[in-house]
Amino acid sequence: GQSLEQPSEVTAVEGAIVQINCTYQTSGFYGLSWYQQHDGGAPTFLSYNGLDGLEETGRFSSFLSRSDSYGYLLLQELQMKDSASYFCAVRGKTSSNYQLIWGAGTKLIIKP
Amino acid sequence: EAQVTQNPRYLITVTGKKLTVTCSQNMNHEYMSWYRQDPGLGLRQIYYSMNVEVTDKGDVPEGYKVSRKEKRNFPLILESPSPNQTSLYFCASSLGQRGEAFFGQGTRLTVV
């Protein structure tokens, strides 16, 4: 079957750095994406990795190792507004559908 | 402004009463999907559409119908809602199957 594993909850302190890991097992691989979702809101796109290595967008970075079926999202200089759930999603393939397969999400709790 | 618009945002209905959740996007995206989000399960794809008049089942299609008569609209139809369809629903669109997904604001449905 197809699955993604990520921690259910992570706690960090304001100003610190936190890493959210994601391991996946999917049929075909067409990229790993990260989405942020605040309580009551819609998921919003954060980053995408199609190839191995690190992608940096401001305070957020995302890493991918296809040989390890593993990726992570790194959040630096944490701010209270970063408190949200973070989802990894892999673009896999089932018959004709390049489907986004989602992890269950990691709730990030930030303490002052 | 580029956006995906869902209506209604909140809906309480009774078992068996047909309902439609509308979804419209203004980005000329070919690919549109419906997801449901339940606690601890992440997002699960219900149906997707690769273009006008082209739709197919996702992971959890039972009890749902969709149509794609126009490129911008992708309504979700529940012919006979049941309590196990109580959930948070999201419509999403992307430019092609591999693109970043843009989500609507969500519809919180309660079936009693």
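The values are calculated or read from the model by the stated rules, or taken from the named source; none is laboratory data. None of the values given here were measured: they were computed from a predicted structure. Don't worry about glycine lacking a Cβ; one is built from the backbone with ideal geometry, like all the others, and counts go over all protein chains shown. Side chains included, ligands, DNA and RNA excluded: accessible areas come from the protein's heavy atoms. Shrake-Rupley method; radii C 1.70, N 1.55, O 1.52, S 1.80 Å.
For the interface of chains A and B, what total accessible area is buried with a 1.4 Å probe, rounded to the nearest 100 Å²?
Using a 1.4 Å probe on protein heavy atoms, the buried area is about 1700 Å².
Regarding region B:36-112, what are the three Cα extents along the principal axes, ordered largest first, in Å?
Between the extreme Cα coordinates on each principal axis of region B:36-112 lie 35, 26, 21 Å.
Could you pull the Rg and Dmax for region B:1-62, using just the Cα atoms, both in Å?
Over region B:1-62's Cα set, Rg and Dmax evaluate to 13.3, 37 Å.
How large is ³J(HN,Hα), in whole Hz, for each residue of region A:71-78 in order, when computed from phi with the Karplus curve 6.51 cos²θ - 1.76 cosθ + 1.60 and θ = phi - 60°, using x for Gly and Pro?
x, 8, 10, 10, 10, 10, 6, 3
Pop out the ³J(HN,Hα) list for region A:15-26 in order, Karplus 6.51 cos²θ - 1.76 cosθ + 1.60 with θ = phi - 60°, rounded to Hz; leave Gly and Pro as x.
x, 7, 10, 9, 10, 10, 8, 8, 10, 9, 9, 9
Return, ordered by residue number, the residues of region B:32-56 whose backbone nitrogen is under 16 Å from a label point located 7 Å along Cα→Cβ of A:E9.
Residues B:39-41 fall inside that zone.
Which Rg and Dmax, in Å, describe the Cα atoms of region A:34-112?
When restricted to Cα atoms, region A:34-112 yields Rg and Dmax of 13.5, 47 Å.
Of B:K17/B:K57; B:K18/B:K57; A:K81/B:K65, which pairs sit farther than 30 Å apart, going by alpha carbon to alpha carbon? Before the final figure, lay out the partial values.
Details: B:K17/B:K57 23 Å; B:K18/B:K57 20 Å; A:K81/B:K65 37 Å.
Where the Cα-Cα span goes over 30 Å, the pairs concerned are A:K81/B:K65.
Region B:69-112: which trypsin sites (Lys or Arg not before Pro) are DSSP loop and have at most 10 other beta-carbon atoms within 10 angstrom? Can you show the working numbers first?
On the way: sites: B:K69, B:K71, B:R72, B:R98, B:R108; in loops: B:K69, B:K71, B:R72, B:R98.
Within region B:69-112, the qualifying trypsin sites (Lys or Arg not before Pro) (loop, at most 10 other Cβ atoms within 10 Å) are B:K69.
Which residues, if any, in region B:37-72 have at least 50 Å² less accessible area in the whole protein complex than in the isolated chain, probe 1.4 Å?
Listed in order, they are B:L43.
Over the protein assembly as shown, how many percent of alpha carbon pairs lie in each 5 Å bin up to the one with the longest distance?
1, 7, 15, 18, 19, 16, 12, 7, 3, 1, 0
Using a 1.4 Å probe, what is the accessible area per residue for chain A, in Å²? Before the final figure, lay out each step's value.
Numbers: 5130 Å² over 112 residues.
About 46 Å² of surface per residue is accessible.
Using a 1.4 Å probe on the protein chains only, how many percent of the accessible area of the protein assembly as shown belongs to carbon and sulfur?
On the way: 5210 of 10510 Å².
Ligands and nucleic acids excluded, carbon and sulfur reach 50 percent.
Between B:T110 and A:L54, how many nm apart are label points set 7 Å from Cα along the C-beta direction?
Modelled inter-label distance: 4.7 nm.
Would you mind getting the accessible area per residue of chain B, heavy atoms of the protein chains only, 1.4 Å probe, in Å²? All intermediate terms of the calculation are to be shown ahead of the outcome.
Numbers: 5380 Å² over 112 residues.
Here the residues of chain B average 48 Å² of exposed surface.
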